[in-house]
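The values are calculated or read from the model by the stated rules, or taken from the named source; none is laboratory data. Predicted model, so just to flag it, every value in this text is computed and none were measured. Neighbour counts are summed over all protein chains in view; Cβ atoms, including those assigned to glycine, are modelled from backbone coordinates with ideal geometry. For the accessible areas, the whole protein counts, side chains as well, though only heavy atoms, and no ligand, DNA or RNA atoms are used. Shrake-Rupley method; radii C 1.70, N 1.55, O 1.52, S 1.80 Å.
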Amino acid sequence: MDNWTFGMTMMLVGLGGTFLTMGLLILLMKVLKKVFPLGDNAGRHNKAGR
Amino acid sequence: MIESILAGLSGLLDGSRYLVSQGLPNLVMLFVAAGLIYLAIVKEVEPLLLLPIGFGCLLVNVPLSEVMDTGGIIKFFYDIGIITEVFPLLIFVGIGAMTDFGPLLENPKILLFGAAGQCGIFLTLLLALALGFGKLEAVCIGIIGACDGPTAIYVTTQYAPHLLGAVSVAAYSYMSLVPIIQPPIMRALTTQAERVVVMTTINPTVSKTTRVVFPIVVTLITGLIAPKGLPLMGMIMLGNLMKESGVVARLTGASENEIANMVTLFLGLAIGGTMEGHAFLKAETLAIFGLGFLAICLDTVAGVLFGKLMYVLSGGKINPLIGAAGISAYPMAARVVQTQGQLYNRKNFLLMHAMGANTGGQVGSVMAAAVMLSVLKGMGLI
């Protein structure tokens, strides 16, 4: 594989892969915030206290 | 009797004789060592790293020094911590324990700045190839653009160990120069109207459970996509899980302090040990320093340009300056953004948003390295 092909492959797949993975992590963070909304810990503490 | 005295005296003069006959590169490197020590002590430029690196450099360049020979003290540190990659990984546990992903979790889309901030890695890789470096060497030089010392050391140790000294010194030096390198680029690429954009304050919306689950899920996801980078991401997320769980305060404290401090000392000495004059003083070292500088400039350019794109897409709600924080120099890059923002609008507090982009840069740099390693493996180059 020549240097140009290698460099462009790294650029496209490497940078593209990084952006895609970060996009996936953004979705994941949004899901986590929906599944565990603020207040869930407080709710649990209240139940434990009863 | 006289002969043995003369032989003994001759032994004492061997070092000086070597210095005169073939020690010019060592002499130059002794000045470099003095420069690093000066920067660390007088200018306080990354003193935790540059002081031991400078002293390691000094030790290895004393004529006839045996510290990097088999059995030598620095060779010992090099073998146990650098060749095995243990030192950068242990430092990552400490970094994870010190990092607060809260601002990033509050505003997840800001993570994209952390990806944009890695463009410099790939552009520099292309430049290094154009300058005639080998493929794996170019990858290791490009990784300076991650602005992330441990990642640069981790990758270079594996794939271009002969460049370790130059790459790591360049990475740490330029990281410390972020407050000098970034502002002119930020000013050149933004308009007055963009620089004064006030970003709304962030209201807390993240639960403790989210903070605890986040490092575990990130480890699993990134491990699935880029398994070659799992040790890097795994260690940073382990440190963060320990911090967020709050149940292992002693381990968190040790990771942040004792372990990180001890490893930093050994790591610095071992890196300094790779800077022996005859091996270090080459044209390629200068080229690596030049490319490393370009890498960090290009990261900043890409980050700010991406910020301008987000400014347009958000209808002018995002200040493009925060794009400059999408690199791994934490929290220095975020502070630069805050300072620059306040220069143009005293009532503007960009710090929390910049911190989010900055932690995104930390994740992004590790992710970029992990993706690169997995792509290299896919191409059969490693």
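A few remarks follow.
- Rounded to whole Å, sorted largest first: equivalent-ellipsoid semi-axes of the range B:257-382, Cα gyration tensor: 33, 20, 16
- As a size descriptor, the averaged projected area of the C-alpha convex hull of the range B:99-145 was calculated at 3.7 nm².
- Dimensionless Rg/Rh of the range B:198-267 - Kirkwood Rh, Rg from C-alpha atoms: 1.08
- Per the Debye calculation on chain B with a single equal scatterer at every Cα and no solvent contribution, log₁₀ I(q)/I(0) for q = 0.08 Å⁻¹ amounts to -0.43.
- Once the Cβ-Cβ distance of residue B:382 and residue B:278 is raised to the sixth power relative to R0 = 30 Å, the FRET efficiency obtained is 0.60.
- For residue B:182, neighbours were defined as the other residues whose beta-carbon sits under 15 Å from its Cβ, and their charges (Lys and Arg +1, Asp and Glu -1) total +2.
- Size of the range B:292-347 from its Cα atoms: along the principal axes, largest to smallest, the extents are 34, 24, 16 Å.
- Convex hull volume of the protein assembly as shown per residue (C-alpha atoms, cubic angstrom): 162 Å³
- FRET efficiency for the residue A:38 to residue B:48 pair, using the beta carbon distance and R₀ = 30 Å, is estimated at 0.25.
- With the helix formula -39500 (n - 2.57) applied to DSSP H stretches of n ≥ 4, chain B reaches a computed 222 nm mean residue ellipticity of -22500 deg cm²/dmol.
- Gain upon complete extension [residue B:217, residue B:250; 0.36 nm per residue less C-alpha separation]: 9.5 nm
- Put simply, the C-alpha atoms of the range B:38-173 give a gyration tensor, and the ellipsoid matching it has half-axes of 29, 20, 15 Å, longest first.
- Taking the square roots of 5 times each eigenvalue of the Cα gyration tensor of the range B:1-115, largest first, gives ellipsoid semi-axes of 45, 17, 11 Å.
- Structural descriptor for chain B: relative contact order 29 percent, calculated from alpha carbon pairs under 8 angstrom and at least 6 residues apart.
- Once the chain from residue B:2 to residue B:342 is taken as fully extended at 0.36 nm per residue, the excess over their C-alpha distance is 114.8 nm.
- Carbon and sulfur %, accessible surface of the protein assembly as shown computed with the full protein complex present, 1.4 Å: 69 percent
- Its alpha carbons give the range B:12-74 an Rg and a Dmax of 12.9, 37 Å.
- The modelled label-to-label distance for the pair residue B:224/residue B:22, using points 7 Å beyond Cα in the direction of Cβ, is 5.7 nm.
- Each Cα pair under 8 Å and six or more residues apart adds its sequence gap; the mean of these over the residue count of the range B:1-113 is a relative contact order of 17 percent.
- Radius ratio Rg over Rh of the range B:55-111, counting only Cα atoms, Kirkwood formula for Rh: 1.31
- When the convex hull of its Cα atoms is viewed from all sides, the range B:279-323 shows a mean projected area of 3.3 nm².
- Whichever lysines have a C-alpha closer than 24 Å to that of residue B:282, once near sequence neighbours (fewer than 8 apart) are set aside: B:75, B:135
- Buried on assembly, the range A:8-25 (at least 30 Å² less accessible surface than by itself, 1.4 Å probe): A:10, A:11, A:14, A:15, A:18, A:19, A:21, A:22, A:24, A:25
- Residue B:84 versus residue B:14: modelled label distance in nm, points set 7 Å from Cα along the beta carbon direction: 3.1 nm
- Inter-centroid distance (Cα atoms) of the range B:216-287 relative to the range B:158-174, Å: 14 Å
- Across the range B:190-305, the relative contact order, built from alpha-carbon pairs under 8 Å that are at least six residues apart, equals 17 percent.
- Neighbours of residue B:195 by Cβ distance under 12 Å: Lys/Arg scored +1, Asp/Glu scored -1, total +1.
- Axial C-alpha extent at least 27 Å, average Kyte-Doolittle at least 1.6 - helices from chain B (DSSP): B:283-313
- Distance from the range B:353-368 to the range B:72-143 (C-alpha centre basis), Å: 12 Å
- Cleavage-rule hits, GluC sites (Glu not before Pro), the range B:22-106, DSSP coil, Cβ neighbours within 10 Å at most 12: B:44
- At q = 0.08, 0.15, 0.17 Å⁻¹, base-10 log of I(q)/I(0) for the range B:163-322 (Debye sum, equal scatterers on each alpha carbon): -0.40, -1.21, -1.23
- In a DSSP loop and with at most 13 other Cβ atoms within 10 Å, there are no chymotrypsin sites (Phe, Trp or Tyr not before Pro) in the range B:16-98.
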